[in-house]
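Everything below concerns the one structure shown next.
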Amino acid sequence: MLSFTEENYLKTIYHLSDSGAKAVLTNEIAEAIQTKPASVTDMVKKLAIKNLIAYEKYYGVKITRQGKTEALTIIRKHRLWETFLVEKLGFNWGEVHDVAEQLEHIQSPLLIEKLDEFLGFPSADPHGHPIPDKNGKFKVARQIPLAEAIGKKAIVRAVKNSSPSFLDYLSKIGVYIGASLHVLAKMDFDASLEIQIDGKKKVYISKEASENILVTE
């Protein structure tokens, strides 16, 4: 059994490590969790004792196979709960993250399997992020930032930035997962884009926004 804090650290390390592909510095973890590096050092030592990470001073933290399995279980629960909150309880996609952060710590494998079945075994959450199956497996389609689809038509598949303010912004301009976007022009001045949504509404979006919307052509 892991504590809430241990689970949060493990999930953060998994994301920062690019799904376990690289080592993560303790300062990176401290910045992501918004705590002091000394606190991170204490926690990673605890996780190392449990064989969830490998830690070497000055060389950073690398998640182990066991740690990756645990992290994917937490991520699976989080994304299933987000899907449930949006599809069954009517939350909007900008409201669910904090609630799912609390629900992801429930320790009941049977509940999660029943939840997955109840939702129809979804492959992605409301933000377009893949949901690992019970074995930790998931498929990731090749996606590119909207900023790279100049002059092309593309379908919105996911968002890199899941902050409530960004999701609220997207909702207000009419961008959603599955929306059809046509990138009409790129402004030389600030690299903002003129886009058309679902063949109708035309809007301008900033360079930052276009880099946080992931699409397939």
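Check each of the chymotrypsin sites (Phe, Trp or Tyr not before Pro) in segment 167-202 and keep only those in coil by DSSP with at most 16 other C-beta atoms within 10 angstrom; list them in order. Answer in residue order: Tyr176, Phe189. According to the Kirkwood relation over distinct C-alpha pairs, the hydrodynamic radius of the chain is 18.8 Å.
What longest range of the chain stays clear of loop-exposed trypsin sites (Lys or Arg not before Pro) (DSSP non-H/G/I/E/B, at most 15 other C-beta within 10 angstrom)? Formally, the longest exposed-site-free interval is 89-133. Give me the percent of Cα-Cα pairs in segment 75-140 that sit more than 15 Å apart, rounded to a whole number. Of all Cα-Cα pairs in segment 75-140, 45 percent lie more than 15 Å apart. For the chain, modelled as a GNM whose springs connect Cα atoms under 10 angstrom apart, the maximal fluctuation among Ile63, Ile173, Ile49 occurs at Ile49. What separates the Cα centres of segment 1-67 and segment 145-217 is a distance of 33 Å.
Taking amide H as placed 1.01 Å from N in the peptide plane, the amide H of Leu25 sits under 5 Å from that of Val61, each at least 5 places away or on another chain.
Computed from the C-beta positions of Ser163 and Gln34 and an R0 of 22 Å, the FRET efficiency is 0.95 to the nearest 0.05. Estimated purely from DSSP H runs of n ≥ 4, each contributing -39500 (n - 2.57), the mean residue ellipticity at 222 nm for the chain is -12500 deg cm²/dmol once divided by its residues. Exceedance of the 26 Å cut-off in Cα-Cα distance is absent from the set Lys114/Lys139; Lys22/Lys50; Lys50/Lys137; Lys68/Lys160; Lys134/Lys160; Lys137/Lys160.
Values in this text are rule-based calculations from the coordinates and carry no lab data. Nothing here was measured: the structure is a model prediction, and the numbers come from that model. Please note: Cβ atoms are built from the backbone with ideal geometry, for glycine as well, and neighbour counts cover all protein chains shown.
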